[in-house]
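Computed from the coordinates by the stated procedures, all read-outs in this text should not be read as laboratory data. Just so it is clear, the structure is predicted and the values come from calculations on it, not from any experiment. Every residue, glycine as well, gets a Cβ built from its backbone with ideal geometry; the counts of neighbours run over all protein chains shown.
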Amino acid sequence: MISTNQFRNGSAIRVDGKRFTILFFQHVKPGKGGAFVRTRLRNLDTGAVIEKTFRAGEKLESVRTQSRPMTYLYRDGDLLYFMDDETYDQIAVPAEVVGEAIGYIVPNGTVSVLSADGEVVSVEPPAHVDLEVSETDPGLKGDTATGGSKPATLETGVVVQVPLFVNVGDRVRVDTRTNEYLTRV
């Protein structure tokens, strides 16, 4: 059990039978009435963000979470296989749990796997990944006065806006949080 005065950003709690992580919390002591805690929570299973208020001192069930670095091995249908870097255990994670991060995961790449109560709930790619451009339109010579950009399909299938000078076969660094081109590598 965890009390509202033990809340920390990133802590995991169970509310109404559902698992949440605390994104933000604020203790409020109004001039009239009892103190309370205002929170913003993310559902571990669906990713939905909600706001909820708790009475000060209210006890909630805590959820045991663990984040471990793992290496992506391969994909077999709708399952992605990861290997724990310390124990060499392999786990299979359904593609719907990985979600949009699947476009930034390459074989032998390291990811952070978050599990709650022993069940994998999310897979986070590193903040920046280097991927090869597999398809893009050729840039026109002298067409850079406007600092334009063009769409490029990367080796994992992700489409990113890149500068006009990037060609097929170039490796580019992409920010996985914003899906933005950073630099050529």
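Things worth noting here:
- Simple label model, 7 Å out from Cα along Cβ direction - Arg173 to Val15, nm: 3.8 nm
- Cα-based convex hull volume of segment 37-108 per residue, rounded to whole Å³: 122 Å³
- Rg and Dmax over the alpha-carbon atoms of the chain stand at 21.4, 69 Å.
- Under-19-angstrom lysine pairs by C-alpha in the chain, whenever the two are 8 or more apart or on separate chains: 5
- Whole-Hz couplings from phi, Karplus 6.51/-1.76/1.60, listed for segment 36-52; x for Gly and Pro: 8, 10, 9, 10, 10, 10, 10, 5, 5, 8, 9, x, 5, 10, 10, 10, 9
- Label point 7 Å beyond Cα of Thr87 along Cβ direction - residues of segment 93-110 with amide nitrogen under 18 Å: 93-94
- Where labels lie 7 Å past Cα in the beta-carbon direction, separation of Ala35 and Lys59 in nm: 1.9 nm
- Listed peptides 3-11, 161-169 by packing density, highest first (mean Cβ within 10 Å): 161-169, 3-11
- Approximating the spin labels as points 7 Å out from Cα along Cα→Cβ, the Glu124-to-Val49 distance works out to 1.5 nm.
- Our estimate of slack between Val159 and Gln66, defined as 0.36 nm per intervening residue step minus the Cα-Cα distance, is 30.3 nm.
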